[in-house]
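Asker: The structure's right below; bear with me while I get my questions together.
Each reported figure results from applying straightforward, stated rules to the coordinates on display, with no laboratory input. Bear in mind the structure is a predicted one, so any value in this text is a computation, not a measurement. Here the Cβ positions follow ideal geometry from the backbone for every residue, glycine too, while neighbour counts run over all protein chains shown.
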Amino acid sequence: MPSRRWAWVEVDLSAVAHNISALRKPLPPGCRFMAVVKADGYGHGAVEIAKTALGAGAAVLGVATVDEGERLREAGIDAPVMVLAEAPPEAARDVVGLRLTPTVATREAALAISSAASEMGRVVGFHLKIDTGMHRIGVAHDEAASFLQSLVGLPGLRLEGVFTHFATADVPGDWDFEKQLERFKDSLAAVRAAGFDPGVAHAANSAATILAPSAHFDMVRCGIAVYGLHPSEATRERVDLRPAMSVKARVAAVREVGMGEGVSYGLTWRASGPTTIATLPLGYADGIHRVLSGRMRVLLGGRMCEQVGRVCMDQLMVEVPRGVGVGLGDEAVVVGEQSGKRLTLDELAEAAGTINYEMACAFAARLSRRYV
Ligand SMILES: *Cc1c(COP(=O)(O)O)cnc(C)c1O
């Protein structure tokens with residue numbers, strides 16, 4: 001395919017497969033692996049990641065919205081796809097039609113799924129979400145059994161799983177994490193005592209999967225670590241992850257500017273002497289947040305180069321170190337490796353005042369992806 005644009009995201013699918021094997025290794029036998037591919041696979045491309053993940057042993061895919069689930073089905077993916085948050089009641093027919101596994105946390109959602117399922121002559125396995133302390137979504141931890149009791153008799157519904165989500169799994173030994181874990185275990189016990197089979201119990205995101213074997217239960221739900229990014233500093237020494245995403249561009253223009261000349265909007269950066277400036281054709285509409293202006297580096301000509309001046313919507317400028325020859329079409333690396341040097345998504349995120357999760361998602365915006 002001809003390149004229409006000299007800026008792109010490169011995704012190393014073998015790194016994704018490696019990460020999933022590394023994450024699965026310490027899991028107890030029979031513990032299922034959900035690959036979370038919401039937000040277009042954290043910016044990596046949901047369909048390609050989903051296929052690679054299933055090939056590497058993932059049993060279930062996780063999405064955030066019905067549209068994301070639909071995209072996987074349209075790509076011919078037949079594996080179980082769970083929608084990790086409640087869809088609006090009016091989307092229930094689509095949830096059932098697309099054979100997505102719904103999250104239920106309110107009576108309204110349960111009623112909508114039940115009526116869509118019975119109209120369509122189906123029985124839908126749902127997962128009950130329990131709020132054990134994060135206070136985002138879910139049935140209160142001490143009301144799980146009574147909530148299930150209140151659904152008895154609704155047609156077309158079958159309890160397939162019970163789950164919760166941690167607020168502080170990235171902090172090893174955290175007291176609130178332990179409290180959430182205890183509450184989840186108590187809810188499971190109460191559900192069983194009320195005569196319900198909770199089915200698949202799950203709680204662990206990437207951080208808990210890596211740091212807390214006591215939270216593995218019957219399935220783990222990994223997102224960020226699948227992509228080779230660490231959810232916290234604490235996980236770095238526990239598992240060998242390989243970052244899957246690189247962000248690259250080719251030099252679209254090179255010019256010499258004299259001492260005192262400014263670069264980019266506002267001319268906020270000025271050359272302290274004769275300087276070579278290279279222009280890369282990507283900017284904040286591609287996920288290079290404008291707040292990164294003058295705070296980020298780029299690998300070019302095998303050297304670490306400073307980005308200078310304001311990041312524009314579609315372009316950014318780089319100061320080429322003296323003595324480095326750079327020409328039109330030369331490859332530059334914004335995230336990834338060049339000549340043995342590496343720029344990480346983590347450092348870019350830190351410079352932008354955010355986390356690697358948000359930085360990865362940002363690159364979904366307009367860059368095309370190449371799979372290697
Ligand atoms: C996004 C999400 C995950 C994945 O979290 P990571 O920290 O990326 O591993 C797991 N569970 C739920 C409910 C989520 O929304």
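Asker: As a test of the definition: which semi-axes, in Å, follow for the stretch 78-117 when you take the square root of five times each eigenvalue of its alpha carbon gyration tensor? Largest first, please.
Answerer: Over the Cα atoms of the stretch 78-117, the semi-axes work out to 16, 11, 7 Å.
Asker: Further, regarding this structure: For the stretch 111-172, what is the Kirkwood hydrodynamic radius in Å, using each pair of distinct C-alpha atoms?
Answerer: Numbers: mean 1/r = 0.0773 Å⁻¹.
Answer for the stretch 111-172: a Kirkwood hydrodynamic radius of 12.9 Å.
Asker: Would you mind checking which residues have amide H under 5 Å from CYS305's amide H? H placed 1.01 Å from N; only 5 or more apart, or other chain.
Answerer: VAL298, LEU299, LEU300
Asker: Find how many whole Å separate the alpha carbon centroid of the stretch 308-367 from the alpha carbon centroid of the stretch 238-276.
Answerer: So the two Cα centres are separated by 8 Å.
Asker: Hey, what did the stretch 238-315 get for relative contact order, percent, Cα under 8 Å, at least 6 apart?
Answerer: Result for the stretch 238-315 is 29 percent.
Asker: Grab the Cα-Cα distance for ARG93 and ARG122, subtract it from 0.36 nm times how many residues apart they are, and report the gain in nm with one decimal.
Answerer: 9.4 nm
Asker: Still on this structure: Which order do the peptides 338-344, 322-328, 300-306 take when ranked by the mean count of other beta-carbon atoms within 10 Å per residue, highest first? Could the numbers behind the result be given before it?
Answerer: On the way: 338-344: 14.1, 322-328: 11.4, 300-306: 16.7.
By packing density, highest mean first, the sequence is 300-306, 338-344, 322-328.
Asker: Compute, for the chain, the length of the dipole vector about the Cα centre, with Cβ point charges of +1 (Lys, Arg) and -1 (Asp, Glu) only. Units Debye, rounded to 20.
Answerer: About 800 debye.
Asker: Oh, and also: Calculate the spin-label point distance for VAL254 paired with GLU331, positioning each point 7 Å from the Cα along the beta-carbon direction, and give it in nanometres.
Answerer: Going from the GLU331 label point to the VAL254 one covers 1.7 nm.
Asker: While we're here: Would the stretch 27-82 count as rounded, prolate or oblate if I go by the C-alpha gyration tensor, calling it rounded below 1.5 in a/c and otherwise prolate when a/b exceeds b/c, oblate otherwise?
Answerer: Verdict is prolate for the stretch 27-82.
Asker: Expected output is a single nm value to one decimal: the length gained when fully extending between HIS135 and LEU154, i.e. 0.36 nm times separation in residues minus the C-alpha distance. What is it? Mind showing how you got there, number by number?
Answerer: Numbers: separation 19, 0.36 × 19 = 6.84 nm, distance 2.69 nm.
So the chain would gain 4.1 nm between HIS135 and LEU154.
Asker: Let me ask you something else. With label points built 7 Å along Cα→Cβ from the Cα atoms of ASP176 and ARG366, find their separation and express it in nm.
Answerer: 3.8
Asker: Using a cut-off of 30 Å between alpha-carbon atoms, which lysines can reach LYS25, once sequence neighbours fewer than 8 places away in the same chain are excluded?
Answerer: Result set, ordered by chain and number: LYS38, LYS51, LYS129, LYS179, LYS185, LYS341.
Asker: ARG290 to SER14: extension gain in nm, 0.36 nm per residue of separation minus the Cα-Cα distance?
Answerer: Stretched fully, the ARG290-SER14 segment lengthens by 96.2 nm.
Asker: Show me the ranking of peptides 361-371, 115-125, 55-65 by mean Cβ neighbours inside 10 Å, starting with the highest.
Answerer: The densest-packed peptide leads the list: 55-65, 361-371, 115-125.
Asker: What share of the DSSP beta bridges in the chain is antiparallel, in percent to the nearest 5?
Answerer: Expressed as a percentage, antiparallel bridges in the chain total about 50.
Asker: Still on this structure: Quick check: from the Cα gyration tensor, does the stretch 217-372 come out rounded (a/c under 1.5), prolate or oblate?
Answerer: Prolate, since a/c reaches 1.5 and a/b exceeds b/c.
Asker: Hey, another quick one. Computed from the mean reciprocal separation of all distinct C-alpha pairs, what Kirkwood hydrodynamic radius does the chain have, in Å?
Answerer: Working: mean 1/r = 0.0446 Å⁻¹.
In the chain this quantity evaluates to 22.4 Å.
Asker: Using 7 Å Cα-to-Cβ label points, what is the ALA167/LYS341 separation (nm, one decimal)?
Answerer: 4.3
Asker: If you consider only alpha-carbon coordinates, what radius of gyration and Dmax does the stretch 61-190 have, in Å?
Answerer: Rg and Dmax of the stretch 61-190, Cα atoms, are 15.3, 48 Å.
Asker: Would you mind putting 215-223, 152-160 in packing order, based on average other-beta-carbon counts within 10 Å, highest first?
Answerer: Values: 215-223: 22.1, 152-160: 14.2.
Going from most to least packed, we get 215-223, 152-160.
Asker: Charges only on Cβ, +1 for Lys and Arg, -1 for Asp and Glu: so what's the dipole of the stretch 100-173 about the Cα centre, in debye to the nearest 20?
Answerer: Approximately 180 debye in magnitude.
Asker: Relative contact order for the chain: what is it in percent, counting Cα pairs under 8 Å that are at least 6 residues apart?
Answerer: 18
Asker: Hey, fewest Cβ within 10 Å first, where do THR106, THR101 land in order?
Answerer: Starting with the residue having the fewest Cβ neighbours, the order is THR106, THR101.
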